[in-house]
1. Over 32 Å between Cα atoms, which of K37/K184; K68/K162; K85/K174 qualify?
2. In whole Å, what is the distance between the alpha-carbon centres of region 72-97 and region 1-43?
3. Where does the chain land at 222 nm, in deg cm²/dmol rounded to the nearest 500, when only DSSP H runs of n ≥ 4 count, each adding -39500 (n - 2.57), divided by all residues?
4. Sorted by mean Cβ packing within 10 Å, highest first, what order do the peptides 194-202, 93-101 take?
5. Provide the per residue accessible area, probe 1.4 Å, for region 1-105, rounded to a whole number of square angstrom.
6. For the chain, what % of the accessible area comes from carbon and sulfur atoms, probe 1.4 Å?
7. Using a 1.4 angstrom probe, figure out how much accessible area region 142-210 has per residue, in square angstrom, rounded to the nearest whole.
8. Would you mind working out the magnitude of the charge dipole of region 98-217 relative to its Cα centre, with +1 at each Lys and Arg C-beta and -1 at each Asp and Glu C-beta, to the nearest 20 Debye?
Amino acid sequence: MSHFNLRPYQTEFLDAVRRDFREHDHVLGVAATGAGKTILASELMRGWRGNCLFLADAQELVRQNADKFFRYAGEFAGVEMADSKALLGDRVVIATTQSISRRLDKWPRDYFSLIVVDEAHRNTLGAMAAQVLLHFESAKVLGVTATPFRSDRRQLGSFYEKISVEIGLARLIKENWLSRIVIKSVPLPVDLSAVRTTAGDYNEGDLRHAIEPHLRQ
């Protein structure tokens, strides 16, 4: 039994993912920052029949997620990262993509039946992530992200078959789960006339030269 009451949008998110897993192997869930992605992943893994792998792309997130999973589910997760080694027999393993990609030989290919890819927009298509996902190719995969930009969506579409659910920032603010955004502008005389554009966006080098003189101010 979980120690948290799920918010309505969290239940909606999980229901959509579970429903789509009946027909698809790789699905993407979009949830704005602040939606509680760790709770979503913990609840999915807590109730999953079989072994689960949570792939994080940064070391500090691994410990954080392992602690939160234990607090949420009351179950210890193995940690595969740097000097920490998860054990065969751990039902839930939380790992950095880098570490587990180097230790795949110890994991049977059918060990995990669910993989949750955190920060999926940058943690799915890289060489190491691709290696891990290919090794456990029979697993269901949920990619979770707050920011699937148009270019990401196109690329992510080569792996994920469907966006199951999108819980946006505007909706969470409207439903009073998140604070309203207050923008305070500082009027500075930044001249962008000499800034070139690259691929439809400002050139970063030019932009830096235009903005840096004003930063201290």
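1. The pairs that break the limit, which is 32 Å between Cα atoms, are K85/K174.
2. Distance between centres, Cα-based: 21 Å.
3. -11000 deg cm²/dmol
4. Ranked from most to least packed, the peptides come out as 93-101, 194-202.
5. Accessible surface, normalised per residue, equals 49 Å².
6. Carbon plus sulfur share of accessible area: 51 percent.
7. On a per-residue basis, region 142-210 sits at 76 Å².
8. 200 debye
The values are calculated or read from the model by the stated rules, or taken from the named source; none is laboratory data. Just so you know, these numbers come straight off a predicted model, no measurement behind them. Note: ideal-geometry Cβ built from the backbone for every residue, glycine included; neighbour counts use all protein chains shown. SASA here: full protein model, heavy atoms, side chains in, ligands and nucleic acids out. Shrake-Rupley method; radii C 1.70, N 1.55, O 1.52, S 1.80 Å.
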